[in-house]
Amino acid sequence: MPDATGAPLGVAVIGSGFMGRTWSQVCRLVGDRVRLVGVAVGRRAAQLASDYECEHVDDPAELIGRSDVDVVIVTTPPHVHRTAVESAAAAGKHVLVEKPLSSTSEDARAMIDAAEAAGTLLATVSQHRFRAAPRFVRGVLDSGAVGPVRMARVIGPETGFWDTSVTHDEWKLDPAQQTVFASWAAHACDLLYWFVGAEPVEAYGRITQYGDSPPVGRSAMATYGFANDAMAQVWMSYDIPQPGLGSGLQFELIGATGIVRLDSYGAVEVGTAEGWTVPFRQKAFDPLDPMDPARLAAYADQLADLVDAVRHGTRPAVSGLDGLRSVAMTEAAERSAAEHVVARVGAVR
């Protein structure tokens, strides 16, 4: 139900890890539009609540059910997102869920159904859709400057696994809680769909690792086919030797009449018959600094988008259906890798 009062919306953050702190800081940045009511879940919840001068509540259901909470931001590991979302829907609260939306399409659909039945909004975090460089690329595609995307390549070449000594989110080392591919593909697949503009229909994938150090599945390649006959190669690896191949999220988009190269953390290059230009460069930021204003700007814009959707009764820019699509794409590639078959991508609608 729309909220037209104009008063700041009360926010509950469920989860106290790196992203819990990120979203708490975002609430402070968007302080004229939201108010952080409390934090629940995790060994760092009490300290996080103290740092942001809000309440620490042991029971997440109790925090979600409070009358002064309007929006719930879920930052726990994805395999437990469903519980928090269903609890929020039952309490009539809108929800913003960290990516990936869930570990399985079944859970994602259940979350979407719960929100629809309750008449509440369900949004999925996709901060790159709100970041300057990808948004610039979306504008180039919308302008028709390179024609419709026919082929694409997405790469995430990392020289080592993420440093959990910085984020202290050691649960990411456990594939039962989140696979390495699912963690990265939640970014890559959402942007890929956003750029291609058609539903993914099939996938063929291979997943392995080189060396015995955990976690398993550190390198993956997948090929996706789309309903408009576009095709894409998706390659992620944490097994790349130095000096590396650049940032962890790069795109090459081959249009009918031109090409766009995107470094999601750097430059946008546009190639046409006249040659290459560099019309935009992303402002540098530290992706592992939860306080970096340049990093947080995209998150703040996504939270503002959800606030506007709540106020006006509109759909958030990145919905639960978008989150389901990314989960379905990941599932299809992982199923293909396990069974050595071409796998269908589960339908979103």
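Some points to look at:
- One chain, two ends: ILE259 and THR83. Fully extended at 0.36 nm per residue, the span grows by 59.1 nm beyond their Cα-Cα distance.
- 222 nm mean residue ellipticity, helices alone, for the chain (DSSP H n ≥ 4; -39,500 (n - 2.57); rounded to 500): -11000 deg cm²/dmol
- Ranked packing of 181-189, 11-19, 282-290, most packed first, by mean Cβ within 10 Å: 11-19, 181-189, 282-290
- For region 203-251, the spread of Cα coordinates along the three principal axes comes to 39, 22, 11 Å, biggest extent given first.
- Evaluating 6.51 cos²θ - 1.76 cosθ + 1.60 at θ = phi - 60° for every residue in region 112-121, the Karplus couplings come out as 4, 4, 5, 5, 5, 5, 8, x, 10, 8 Hz, glycine and proline recorded as x.
- For region 165-286, pairs of C-alpha atoms spaced more than 24 angstrom apart make up 38 percent of the total.
- Alpha-carbon centroid distance for the pair region 85-105 / region 255-332, whole angstrom: 21
- Share of carbon and sulfur in the accessible area of region 82-185 stands at 51%, probe radius 1.4 Å.
- On a per residue basis, the convex hull of the C-alpha atoms belonging to region 285-335 measures out at 94 Å³.
- In a simple Cβ point-charge model (Lys, Arg +1; Asp, Glu -1; nothing else charged), region 71-157 has a dipole of about 500 debye relative to its Cα centre.
- Computed from point charges on the beta carbon alone (+1 for Lys and Arg, -1 for Asp and Glu), the dipole magnitude for region 201-313 about its Cα centre is near 60 Debye.
- In Hz, Karplus ³J(HN,Hα) per residue of region 215-226 (6.51, -1.76, 1.60; θ = phi - 60°; x = Gly, Pro): x, 6, x, 7, 10, 8, 10, 9, 10, 10, x, 10
- Surface per residue (accessible, 1.4 Å probe) for region 101-228, Å²: 41
- Of the solvent-accessible surface of region 225-349, computed with a 1.4 Å probe and all protein chains present, 55% belongs to carbon and sulfur.
- Dipole of the chain [Lys/Arg +1, Asp/Glu -1 at C-beta], most positive-end residue of MET231, ILE64, GLY244: MET231
- Dipole magnitude for the chain: computed about the Cα centre from +1 point charges on Lys and Arg Cβ and -1 point charges on Asp and Glu Cβ, it is near 620 debye.
- Here the calculated FRET efficiency for ALA117 and PHE285, from their Cβ-Cβ distance with R0 = 51 Å, stands at 0.85, rounded to the nearest 0.05.
- Listed values [x] 61, 47, 38; [y] 83, 61, 36; [z] 57, 47, 37, entry calculated as Cα extents along the principal axes in Å: [z]
- Amide hydrogen neighbours beyond the local backbone of HIS56, cut-off 5 Å, H modeled: VAL39
The values are calculated or read from the model by the stated rules, or taken from the named source; none is laboratory data. Here the structure is a predicted model, which means the values were calculated and not measured. Neighbour counts run over all protein chains shown; Cβ positions are idealised from the backbone, glycine included. Protein only, heavy atoms only, side chains kept; ligands, DNA and RNA dropped before computing areas. Shrake-Rupley method; radii C 1.70, N 1.55, O 1.52, S 1.80 Å.
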